[in-house]
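Worksheet: the structure to be examined is printed underneath.
Since every read-out is calculated from the coordinates, none of them should be taken as a lab result. Just so you know, these numbers come straight off a predicted model, no measurement behind them. Cβ atoms come from the backbone with ideal geometry, glycine included; neighbour counts cover every protein chain shown.
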Amino acid sequence: MATVKVILKLNKLNKTGEAPLYLRVTKDRKAKFISLGYTLNPKDWNPRQCSVRKTFPEHERLNNYIIQKIAEAKGAAAEIETKSKYAPAKTLKQAILGKGNKSFFQFFADQIATLERNSQFLTAKRKQLVLDKLKKFVGDTDLTFNDITVHFLKCYEEFLRSEKIGNCTNTIHTENKIIRAIINQAIAEDEFPIEKNPFLKYKLKSEHTEKAYLTEEELKLIEDLDLKEGPRFHSRNIYVFSAYAGGLRISDIFRLKWENFDGERVTLSTQKASTTISIKLPDKALEILRIYNKQGEKPTGYIFPFLKNEVDYSDLKFYYRVTASLNTTININLKKIAELAGIQKNVHFHTSRHTWATRALRKGMRIEYVSKLMGHSNLRTTQGYAKIVNAELEKAMDVFND
């Protein structure tokens, strides 16, 4: 059971010798303090009675105010404790202050700032995009935790689906997962009561989508394109390289240096999963590397001509900004390359990863090996590719129905 008491904080005397009045909320021997916005000379305060002495000119008004605030605090604390007897003093303090009205926008921004301090710039950028979209929906007003209700989330979903934004179900699902994660973090930090979490009633929706990939024939069409040396030429080369080299992610290909290549395999620590992988390169991947293996290449030099050897990329924020721009440009190039090859699919760099996985499974590689080479943290992620291959096999059996 929490206790509420008014105290004069004598350790916070101001220049005029007055001390501030505080509500003290104590639970499980832990105390939290709430300022009442008044200061008093210690001689005007009765610590035993927890009241203002008659020597203070407005003692009656101030004592009534104190009685009112104690009653409000005890009522708010009792309401929380009725719902959860384990509620800590911090939660009770927030209930008394009406902390459910804390700015959600500010808490969200603080979480993004923490990610940036920890050099998690890509995650910070994804969350910033969601925050910006929320602010666009709300307009010029602030958004508090209490504002985020089931009704609010439904209205926000309609806004995202509208022609103005045009987000699909899975994009909305991804963005709402970020909002849910921020709310869960606020709950974990006792900034928001768990019973007010709107995601207890609002269910996220997603749609199954097939992973886009190229067939052997389509990949060969891209390989055989006659391209002059330039941005499209290099974009095509790293796409094909990835489709043969274990489906390496574009972020890892950017970072590949000659010191990562021993003549037959590449070994590196992957950026996303932070796992070390070693991939023996098939002939096609080796053929692509020979294009770039010019005389005098230093071991510390980048293999592919996207990052510049003379530029310092130690500032991770700068590095992520550069690679994000490169990624966008390469995907634009790949769309044009697919068009030139006559491929009617939405080709972007990540489809090279899907292409490698489905080809590997079709050729009989064990799923555990595919998972290991792709740097997946668990086998369930890889099983999505196995389902694609199994579906193709089932469809192939339809020839017996002709």
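Tabulated data
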| item | result |
| --- | --- |
| ³J(HN,Hα), Karplus 6.51/-1.76/1.60, whole Hz, each residue of the stretch 107-119, x for Gly, Pro | 5, 4, 4, 5, 5, 5, 4, 5, 4, 5, 5, 8, 6 |
| Integer Hz, Karplus 6.51/-1.76/1.60 couplings in order for the stretch 246-253, x for Gly and Pro | x, x, 4, 5, 4, 4, 7, 5 |
| Residue exposure sequence - ARG232, ARG290 - by fewest surrounding Cβ within 10 Å | ARG290, ARG232 |
| Protection-proxy order for peptides 234-242, 322-330, 113-121, each taking the mean of Cβ atoms within 10 Å per residue, highest first | 234-242, 322-330, 113-121 |
| The chain, helix-only ellipticity at 222 nm - DSSP H runs n ≥ 4, -39,500 (n - 2.57), divided by all residues, nearest 500 | -16000 deg cm²/dmol |
| Dipole magnitude of the stretch 101-200 about its Cα centre (Cβ charges: Lys, Arg +1; Asp, Glu -1), debye to nearest 20 | 360 debye |
| Length-normalised contact order for the stretch 93-249 - Cα pairs under 8 Å, 6+ apart - percent | 22 percent |
| Low-density loop positions, GluC sites (Glu not before Pro), the stretch 210-296 - DSSP coil, at most 16 other Cβ in 10 Å | GLU210, GLU229, GLU264 |
| Descending Cα extents along the principal axes, the stretch 1-82, whole Å | 41, 25, 21 |
| Of ILE279, LEU248, LEU316, farthest towards positive along the dipole that unit charges on Lys, Arg, Asp, Glu beta carbons give the stretch 205-336 | LEU316 |
| The chain, relative contact order in percent, only Cα pairs under 8 angstrom and at least six apart counted | 12 percent |
| Cα-based Rg and Dmax for the chain, where Dmax is the largest Cα-Cα distance (Å) | 30.6, 104 |
| Cβ charges +1 (Lys, Arg) and -1 (Asp, Glu), total dipole of the stretch 299-341, debye | 160 debye |
| Using alpha-carbon coordinates, inclination of helix 316-340 to the longest axis of the chain, degrees | 40 degrees |
| Equivalent ellipsoid dimensions for the stretch 101-200 as semi-axes, Å, which come from the Cα gyration tensor, largest first | 20, 18, 13 |
| Most mobile listed residue (LYS164, LYS154, LYS69) in the chain, GNM with C-alpha springs under 10 Å | LYS164 |
| Given charges at Cβ of Lys, Arg, Asp, Glu: the stretch 101-200 dipole, positive-most of ALA109, CYS168, GLY139 | CYS168 |
| Top positive-direction residue, dipole computed over the chain with Cβ charges, set HIS151, PRO42, GLY296 | PRO42 |
| Integer Hz, Karplus 6.51/-1.76/1.60 couplings in order for the stretch 37-42, x for Gly and Pro | x, 10, 10, 9, 6, x |
| Neighbour cut-off at most 12 other Cβ (10 Å), DSSP loop, trypsin sites (Lys or Arg not before Pro), the stretch 1-65 | LYS15, ARG29, ARG48, LYS54 |
| For the stretch 17-66 versus the stretch 297-351, the gap between their alpha-carbon centres in whole angstrom | 64 Å |
| Violating pairs (Cα-Cα greater than 24 angstrom) within the set LYS133/LYS154; LYS15/LYS74; LYS127/LYS317; LYS196/LYS272 | LYS15/LYS74; LYS196/LYS272 |
| Hydrodynamic radius by Kirkwood, which averages 1/r over all alpha carbon pairs of the stretch 217-267, in angstrom | 12.1 Å |
| Dipole in debye (nearest 20) - the chain, about Cα centre, beta carbon charges: Lys, Arg +1; Asp, Glu -1 | 1900 debye |
| Ranked LEU225, LEU23, LEU289, criterion: other C-beta atoms within 10 Å, fewest first | LEU225, LEU289, LEU23 |
